[in-house]
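The values are calculated or read from the model by the stated rules, or taken from the named source; none is laboratory data. In this text the structure is predicted, and so the values were computed from the model without any measurement. Note that each Cβ is placed from the backbone with ideal geometry, even for glycine, and that neighbours are counted across all protein chains shown. Accessible surface areas use protein heavy atoms only, side chains included; no ligands, DNA or RNA. Shrake-Rupley method; radii C 1.70, N 1.55, O 1.52, S 1.80 Å.
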Amino acid sequence: MILLDGRKTANDIKEEIAVEVSSLIAAGSKKPHLAAILVGTDGASETYVSAKVRACKEVGFRSTLVRLDNKVLESDLLSEIEEINNNKDIDGLIVQLPLPDHIDEMKITQAIDPIIDVDGFHPQNIGRMALNLPTYLPATPAGILELLGRYNVETAGKHCVVIGRSHIVGSPISILMARNNNPGNCTVTLTHSRTQNLKDITKTADILIVALGKSEFITTDMVKDGVCIIDVGITRVRSNTTKSGWKLLGDVAFEGVKNKCSFITPVPGGVGPMTIAMLLKNTLKSAKRVVY
Ligand code: NAP
């Protein structure tokens, strides 16, 4: 079994980005600049946004964090986005999700100029992804492709089973794994909560991508020998073995399942760190104007 080490791979990518940033600046360009909007004070969102801001600093990017009150009007958030869209100094804009219930997430996603939509959630960028055109790939699926690519996991002709059909993970990764690319060229089965006989399907997977958000859902009896597993899930659970009293679990019962795998991502330290590295990569792409 080979562990797909997302932490190490993400650090390698960040080092590569830092080198590129240094040469851009040496050639007279400005620092790539990422703006993030955070609405409210949700603990998990705070953690994700501060990790993104920290990562910007590590690779030599400029970052701007706009904090808005939980009760901010949708119209005010839209005005803030418009202002950033028009700020020529900013290369990338992300709005941390989820948003409070009174704000229409889809409206916000569509308000971001596709040219600086480095999360890759705008319908225009999703469409370009589906058509295999240059775009910003959504960060988590892009991180999965990067891990598979860097570890030379063979994907062509394989049966890839995806569990979960969210807009940010399951749906895009199912499109990406089916595209005529490497990694890609898989025969893909996309499953969700209405799928029947899930275990019969997962047992036929050569590559299993699990993104449903239920800790240790995938057990040894659900996979075949030699499977490659990408575990996207992150659930925080109580623990009496850690100092903090909490630990993170993936959607896969790692200890048993790993013995049947050719490759597997750990949680934490698998897909999570890759997501931030790919956001940085998208921001660099925007600064270099290689997509639009
Ligand atoms: P989500 O929006 O909550 O969607 C979950 C998906 O799982 C839905 O499509 C749902 O089906 C499906 N599902 C639920 N129960 C199922 C079951 N018993 N059998 C088959 N499918 C089932 O999920 P998400 O936002 O993609 O997140 C999934 C997990 O990944 C979470 O733990 C999240 O924290 C984690 N995550 C990690 C990263 C990272 O960077 N590592 C990034 C994003 C998300 P329906 O559509 O039918 O409801």
(message) Accessible area per residue for the chain in Å², computed with a 1.4 Å probe and the full protein assembly in place, what is it?
(response) 48 Å²
(request) Treat each spin label as a single point 7 Å out from the Cα along the C-beta direction, and report the SER45 to ASN11 distance in nm. (result) 3.2 nm
(message) Under the rule of at least 5 residues apart or a separate chain, name every residue whose amide H is placed under 5 Å from the amide H of LEU97.
(response) none
(message) Using a 10 angstrom Cβ neighbour count of at most 10 plus a DSSP loop assignment to flag exposed trypsin sites (Lys or Arg not before Pro), which longest range of the chain is free of such sites?
(response) 89-193
(request) Go through the chain and flag any cysteine with no other cysteine's C-beta closer than 4.7 Å, please. (result) CYS56, CYS228, CYS261
(request) Grab the DSSP H runs of the chain that are 4 residues or longer, score each as -39,500 (n - 2.57), total them, divide by all residues and round the 222 nm result to the nearest 500 deg cm²/dmol. (result) -11500 deg cm²/dmol
(request) With all protein chains present, calculate the accessible area of ASP69 using a 1.4 Å probe and round the result to the nearest 10 Å². (result) 100 Å²
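For the full complex of protein chains and a 1.4 angstrom probe, list PHE121, PHE61 by accessible area with the highest value first.
Largest accessible area first, the list is PHE121, PHE61.
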(message) To check you understand DSSP bridge types, tell me what percent of the beta bridges within segment 139-271 (both residues inside) are antiparallel, rounded to 5.
(response) 20 percent
(request) Mind jotting down the distance between the C-alpha centroids of segment 174-236 and segment 145-159, whole Å? (result) 14 Å
(message) Explain nothing, just compute: Karplus ³J(HN,Hα) = 6.51 cos²θ - 1.76 cosθ + 1.60, θ = phi - 60°, for every residue of segment 279-292 in order, whole Hz, x for Gly and Pro.
(response) 4, 5, 4, 5, 5, 5, 4, 5, 4, 8, 6, 8, 9, 10
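Considering only protein heavy atoms and a 1.4 Å probe, what is the carbon-and-sulfur percentage of the accessible area of segment 139-271?
Values: 2950 of 6160 Å².
Carbon with sulfur: 48 percent of the solvent-accessible area.
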